[in-house]
Amino acid sequence: AAGTRYDSHLHATDQLAWMVAGSMRLTVGGTTWELGVDHVAWIPAGALHEMTITRPGVLVDVYADPVLRPAGDDRWERPAVLVVEPMAATLLRHAAEAPRSRERRELAYRLLLDVLADAPLRHDVVALPADPRARRVAVALLDDPADARSLGDWAVTLHVSEKTLARAFVAGTGLTFRQ
């Protein structure tokens, strides 16, 4: 359900988190992303993270021992958002279904990591600004994309200069308010 929240926590296992339907806001490694059905989040073991479901849907989580990571590939040592291609989607569903034998889950997981090793990183995910004022604007716009208020309107509402708010967007997302 929208509003379901998983407070800040970490796991001894690696985690793949995918919204089959709906969307979630994920904060990990100091970055916040708004993720939908085209994204799978890789959260390595020990990474502090929190999630909030923003649009109702279905969340699939797959957890695995870090020893199952491909050897010598540092891609798996930091949080990332990857493309969900059809094969990866099928394997995520398969790995998450119960009951499966340990051997069957491990095989599915190894194949899933092999498929994801070639998946491009997603750079089109929405990163939310760290500045609380700019984050408030970004969250409001994600919740209501038809909101037509200008940056100047938001600055007045938040009692901050337009320039300060503009800088906070660029610093926190790499994008201007208009972008």
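The values are calculated or read from the model by the stated rules, or taken from the named source; none is laboratory data. No experiment lies behind these values; they were computed from the predicted model shown. Cβ: placed from backbone, ideal geometry, glycine included. Neighbour counts: every protein chain shown. These accessible areas exclude ligands, DNA and RNA; they are computed on the full protein's heavy atoms, side chains included. Shrake-Rupley method; radii C 1.70, N 1.55, O 1.52, S 1.80 Å.
The figures follow:
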quantity	calculated
Strands (runs of 3 or more DSSP E) contained in segment 3-45 and holding at least 1 residues basic (Lys, Arg) and open to solvent by 30 Å² or more (accessible area, probe 1.4 Å)	5-9, 14-28
Residues that are more than 21 Å from GLY30 (Cβ to Cβ) and over 14 Å from the mean Cα position of the chain (by Cα), drawn from segment 44-57	PRO56, GLY57
Qualifying residue in segment 100-121 (condition: within 15 Å of the chain's Cα centre (by Cα), under 23 Å from LEU48 (Cα atoms), of a type outside the set (Phe, Trp, Tyr) and at pLDDT below 85)	yes
